[in-house]
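The values are calculated or read from the model by the stated rules, or taken from the named source; none is laboratory data. This one's a predicted model, so the numbers in the text were calculated from it and none came from an experiment. As a convention, Cβ positions derive from the backbone with ideal geometry for all residues, glycine included, and neighbour counts pool all protein chains shown.
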Amino acid sequence: MTPGDAAVLARAGVVLPPAQPPVGTFVAVVETGGLLHVSGQAPLDPAGIPLRGRVGDEVDTGEARARARRTGLALLAAVASEPGRLSRVTRVVRLLGMVNAVSDFTEISEVLDGCSELFTGIFPGGHARTDVGLPALPSNITVEIEAVFAIAPKASDPQ
Amino acid sequence: MTPGDAAVLARAGVVLPPAQPPVGTFVAVVETGGLLHVSGQAPLDPAGIPLRGRVGDEVDTGEARARARRTGLALLAAVASEPGRLSRVTRVVRLLGMVNAVSDFTEISEVLDGCSELFTGIFPGGHARTDVGLPALPSNITVEIEAVFAIAPKASDPQ
Amino acid sequence: MTPGDAAVLARAGVVLPPAQPPVGTFVAVVETGGLLHVSGQAPLDPAGIPLRGRVGDEVDTGEARARARRTGLALLAAVASEPGRLSRVTRVVRLLGMVNAVSDFTEISEVLDGCSELFTGIFPGGHARTDVGLPALPSNITVEIEAVFAIAPKASDPQ
């Protein structure tokens, strides 16, 4: 992580978990055309272990919201896995937020606000978000969030 | 709404519901790189109240299809909430259509055609669409649709 | 299909199914701003018939993985439906992978690797991917995958 990357995190007082290798034959981050596409991430405990369980029976709304924030940290860790990349992010464009929930659970947006609040504390300008509840997420993780960030070109890129 | 925005709607004879503030800590529309990303919207009755209930038990296919059209109107209302923005839209790029449905409901595409037909009546060129059924949507809304539009720069933007 | 398109497929030794018309009032592929947005596609048998059934009861993980690969072929068939387009693809940017699964099924990523392995064998650079399990897909198809590809301009386009 570069000093610029660390400064982004220090502004919000956040500490990142270790970036996770994707579970499968894909990569965590693709940069193209001024956008970063980040694969859906899971909430991680401080040791980097995914947090599992369904909301509405095994996990309550408050804990799920904390896990959505942790998922936001995992998204940032994926971005920061290439030195200098986090400090090039200019905006969060769009989140797809998915909550592993029983079918009558309706506080999905409250859960996902845990991630949005993290991001609005770090990045200017607001972001679009789409919220859904799902009965099955990979490996039974509690929350999965996919993100698109706007990113400035590298200082070395042709303008 | 500018006269240009109103002309877009008049061509299709549609009346928009009031734009909804997002339920959560995010914004409804983000413009970046020639695209508008619009957060997932719900169907609204004329007073702006979200229409709730699951398809396949509480709501039938015909009513769900009408609600998908209403969701399209809510997407346009979000775009139109900034004066002049609707008239800059050049194309619908992609919809993610989600239907709150019982697990054996398979007429998901028929439901979402309610939105696509609205949009093909207003915008040229067709759009991509991905359709899914979900057992839980935020606040038990019947349909949720996320959209990406292509948009021309503001007349005042540097070219 | 142009010789350039055929060469892309020959490199990976793949044969495409017939491109499917979208089921609904939308188009399969939208090109805008250097990206191809391809509507969610279904797995097809060699005759072009969609493969149906839920993973975890009617379909096992191995068969579902083979169907995810077939879904990747259907995505390529959609791209290739315009001659010369497949050979302009420079990268897979992002997949949204959806598996029609019982709610306690957790091998979702293993299933979707069937598509990712196909794509990493054809295109350089890796891709982002978001994986979800769903209790209902249109017409009860087993897998649905939406894709965004990066694409070079046509030789005749203004640079």
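The single condition among (1) of a type outside the set (D, E, K, R); (2) touching a His at 6+ places or on another chain (Cβ under 8 Å); (3) surrounded by 24 or more Cβ atoms within 10 Å (Cβ to Cβ) that C:VAL27 does not meet is (3). The residue pairs whose first member lies in segment B:16-39 and is without any contact (Cβ under 8 Å) to a residue 12 or more places away in the chain, whose second member is among the acidic types (Asp, Glu) and surrounded by fewer than 20 Cβ atoms within 10 Å (Cβ to Cβ), and whose beta carbons are closer than 9 Å, counting only pairs six or more residues apart or on different chains, are B:GLY24/A:GLU110; B:THR25/A:GLU117.
Restricting attention to segment C:46-59, the residues that are away from chain B (no Cβ under 14 Å), free of Cβ contacts under 8 Å to residues at least 60 places away in the same chain and either small (Gly, Ala, Ser) or closer than 27 Å to B:MET98 by Cβ (or both) add up to 3.
Okay, residues lined up against (1) of a type in the set (Asp, Glu); (2) surrounded by fewer than 24 Cβ atoms within 10 Å (Cβ to Cβ); (3) in contact with a helix residue (DSSP H, G or I) (Cβ under 6 Å, 6 or more places away or on another chain):
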position: B:ASP113; (1), (2), (3): yes, yes, no
position: B:SER116; (1), (2), (3): no, no, no
position: B:GLY121; (1), (2), (3): no, yes, yes
position: B:GLY125; (1), (2), (3): no, yes, no
position: B:THR130; (1), (2), (3): no, no, no
position: B:GLY133; (1), (2), (3): no, no, yes
position: B:PRO138; (1), (2), (3): no, no, yes
position: B:THR142; (1), (2), (3): no, no, yes
position: B:ALA147; (1), (2), (3): no, no, yes
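So B:ALA147 fits all but one of (1) more than 11 Å from chain A (Cβ to nearest Cβ); (2) modelled with pLDDT of 95 or more; (3) within 19 Å of B:ARG70 (Cβ to Cβ); what number is the exception? For B:ALA147, the exception is condition (1).
Strands (runs of 3 or more DSSP E) fully within segment B:40-152 that include at least 1 residues being of a type in the set (Lys, Arg) and under 25 Å from B:ALA6 (Cα atoms): B:89-100. Scanning segment B:1-41 for residues that are among the acidic types (Asp, Glu) and over 23 Å from B:ARG129 (Cβ atoms) returns a single hit, B:ASP5. Just one of the listed residues (A:VAL79, A:VAL55, A:VAL102, A:VAL89) is aliphatic (A, V, I, L, M) and at pLDDT below 95, namely A:VAL102.
Yes or no, residue by residue, for (1) farther than 18 Å from C:LEU96 by Cα; (2) more than 7 Å from every other protein chain (Cβ to nearest Cβ); (3) in contact (Cβ under 8 Å) with a residue 12 or more places away in the chain:
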{"residue": "B:ARG94", "(1), (2), (3)": "no, no, yes"}
{"residue": "B:GLY97", "(1), (2), (3)": "no, yes, yes"}
{"residue": "B:ALA101", "(1), (2), (3)": "yes, no, yes"}
{"residue": "B:SER109", "(1), (2), (3)": "no, no, yes"}
{"residue": "B:SER116", "(1), (2), (3)": "yes, no, yes"}
{"residue": "B:SER139", "(1), (2), (3)": "yes, no, yes"}
{"residue": "B:THR142", "(1), (2), (3)": "yes, yes, yes"}
{"residue": "B:ILE151", "(1), (2), (3)": "yes, yes, yes"}
{"residue": "B:ALA155", "(1), (2), (3)": "yes, yes, no"}
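Given the residues C:ALA64, C:ALA42, which is the only one that is under 21 Å from C:THR106 (Cα atoms), hydrophobic (A, V, I, L, M, F, W, C) and within 13 Å of chain B (Cβ to nearest Cβ)? Exactly one of C:ALA64, C:ALA42 is under 21 Å from C:THR106 (Cα atoms), hydrophobic (A, V, I, L, M, F, W, C) and within 13 Å of chain B (Cβ to nearest Cβ), namely C:ALA42. Going by the conditions given, is B:LEU96 surrounded by fewer than 22 Cβ atoms within 10 Å (Cβ to Cβ) and in contact with a strand residue (DSSP E or B) (Cβ under 8 Å, 6 or more places away or on another chain)? Answer is no for this residue.
Candidates in segment B:1-14 are the residues that are in contact (Cβ under 8 Å) with a residue 12 or more places away in the chain and hydrophobic (A, V, I, L, M, F, W, C); of these, the one that is farthest from A:ILE122 (Cα to Cα) is B:ALA12. Tell me whether segment B:64-85 contains one or more residues that are free of Cβ contacts under 8 Å to residues at least 12 places away in the same chain and among the small types (Gly, Ala, Ser). Within segment B:64-85, none of the residues are free of Cβ contacts under 8 Å to residues at least 12 places away in the same chain and among the small types (Gly, Ala, Ser).
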